[in-house]
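The structure appears below as structure tokens.
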Amino acid sequence: MEEEKRIDNIEDEKLEQLDKEDTIKETESVDIFQWANLTDGIKNDLDVEFFLFNKSFIPFTTRFAGELNVQIKPLFLFDLINFVNMGAGTGLAVRDYEMDTDKEALLKTTLQKVQHADNLIDIVEHQYSDIVEFNEAEHDFKKIKGILARFTGRNGEKFYVAKQIQQGQVLRGATAWEFRGGKFGAFEPEFGLKIQPDNQVLIIKNDIFIFNQSKFEKLFNYDYKKQVIADQKVAEIESKYKLSFPDGLDLQTLVRENRKVATKLQKMADIGEIPQEKVIEYADDMQLELMTDDNGAIIIMDKHDLDMFVNLINEDYITSEVTGKRYEIRAKKLLDEPDGEPPRTMIEG
């Protein structure tokens, strides 16, 4: 009996050690120059699969015709590898995206910091069977934001290349012509897509390498500096207001998924100037559907509730004294204190 327990303990220790090794492998930083050198030697043996993802970062599987094989790797991989390999010989520096603004350097960050990218990869890796195939009739290509290429080696190692899809690069059958046989004719496909040839984003394990900062930020709605300010504002709100959220949701998550609110919070200087009870009274006066729980906490159920709450603490609602109509203020400017007593008239001379 004791021998069986000893064997079980040994097996548990082995499994625990393997888990630790896997965790280390996932979190250790990738040497991009070594990766490019090794990948260059196996690039023709890599399998590739494509995913489209929309503005809500929902991925769709998609297929491609065999005739595109000669274009896929040159467009998505070869130039990227060549850039890094050339950089190894010319002194290309790799810098942290959050700490450096060197335009000549290759920037990188970690996957966990970029929420939309992290969630997208997690769905592809762990919920693959739930991903549906893209269908123009059901999903509307106008809402597609990017394309993700997953490369897999014979050893099972994976990496991803992401590119932005610009709707201005999409040709639609109803409005496009094609030139064939010496004359123009109707564009027959549902739509045509021009893939941008530039290097944009590479994801290897836990690292994101940023070849085009502007496109990376637009692709994943991520701007670290703005996000840091927004996170600070979130902390201020949480320290000054009692809020209640559904299970699995919090203020940080809602703000990160709402660029409009994040931008507004960055500009707000006096968070907490209106106390909780005044916010609730203000909402009642404006006939807004702000809910509170039994403990007096303001209930935030979704994006709509968050917009309303932030507007309230920023005094963005007003009732016209002339017409009695209610307005949401999109922009406002604080007036100087008036001089003299009313009625005020212009002094001539």
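The values are calculated or read from the model by the stated rules, or taken from the named source; none is laboratory data. Keep in mind that this is a model prediction, so the values were computed, not measured. Note that we place each Cβ from the backbone using ideal geometry, even for glycine, and neighbour counts take in every protein chain shown. With ligands, DNA and RNA removed, areas are computed over all heavy atoms of the protein, side chains included. Shrake-Rupley method; radii C 1.70, N 1.55, O 1.52, S 1.80 Å.
Each of K143 and I318 was given a label point 7 Å from its Cα along the Cα-to-Cβ line. The distance between the two points is 3.6 nm. Using 0.36 nm per residue and subtracting the Cα-Cα separation, the extra length available between E337 and K55 on full extension is 97.0 nm. The 3J(HN,Hα) values that the Karplus relation (6.51, -1.76, 1.60; θ = phi - 60°) gives for region 230-240 are, in residue order, 4, 4, 5, 5, 4, 4, 4, 4, 5, 7, 10 Hz. Gly and Pro appear as x.
How much of the accessible area of region 274-339, in percent, comes from carbon and sulfur atoms when a 1.4 Å probe is used? Looking at region 274-339 in its full context, I get 48 percent from C and S. The HN-Hα couplings worked out from phi for region 59-68 by the Karplus form 6.51 cos²θ - 1.76 cosθ + 1.60 (θ = phi - 60°) are x, 10, 6, 8, 10, 9, 6, x, 5, 7 Hz, whole numbers, x standing for Gly and Pro.
In summary, the lysines within cross-link reach of K158, defined as a Cα separation below 16 angstrom excluding same-chain residues under 8 places away, comprise K25, K43, K73, K205.
Too long at a 18 Å Cα-Cα cut-off: which of K103/K233; K142/K264; K260/K303; K113/K226; K113/K240?
Violating the 18 Å limit, Cα to Cα: K103/K233; K142/K264; K113/K240.
Sequentially through region 308-318, phi angles give Karplus couplings (6.51, -1.76, 1.60; θ = phi - 60°) of 5, 4, 5, 4, 5, 6, 9, 6, 9, 10, 8 Hz, Gly and Pro residues having no value and appearing as x.
Before I look further, what does region 51-120 give for accessible area per residue, probe 1.4 Å, in whole square angstrom?
55 Å²
Consider a paramagnetic label point 7 Å from the Cα of L92 along Cα→Cβ; state which residues of region 40-63 have an amide N under 18 Å from it. Under 18 Å, as judged by backbone N against the label point of L92, lie 40-44 of region 40-63.
Across the accessible surface of region 37-78, with the other protein chains kept in place and a 1.4 Å probe, carbon and sulfur atoms take up 50 percent. With K and R counted +1 and D and E -1, the other residues having a Cβ less than 10 Å from that of K303 yield a net charge of -3. A crude spin-label estimate for the pair K325 and K240, with each label 7 Å from Cα along the Cβ direction, gives 3.2 nm. Solvent-accessible surface of region 225-310, taken per residue with a 1.4 Å probe and all protein chains present: 58 Å².
Computed from the C-beta positions of D302 and Q167, the FRET efficiency with R₀ = 25 Å rounds to 0.40.
With the simple spin-label model, which puts each label point 7 Å out from Cα in the Cβ direction, the M291 to L68 separation comes to 4.4 nm. Under 17 Å from a label point set 7 Å out along the Cα-to-Cβ vector of D284, no amide N atom of region 315-332 is found.
Please give the charge dipole size of region 217-349, origin at the Cα centre, charges +1 on K and R Cβ atoms and -1 on D and E Cβ atoms. Round to the nearest 20 debye.
740 debye
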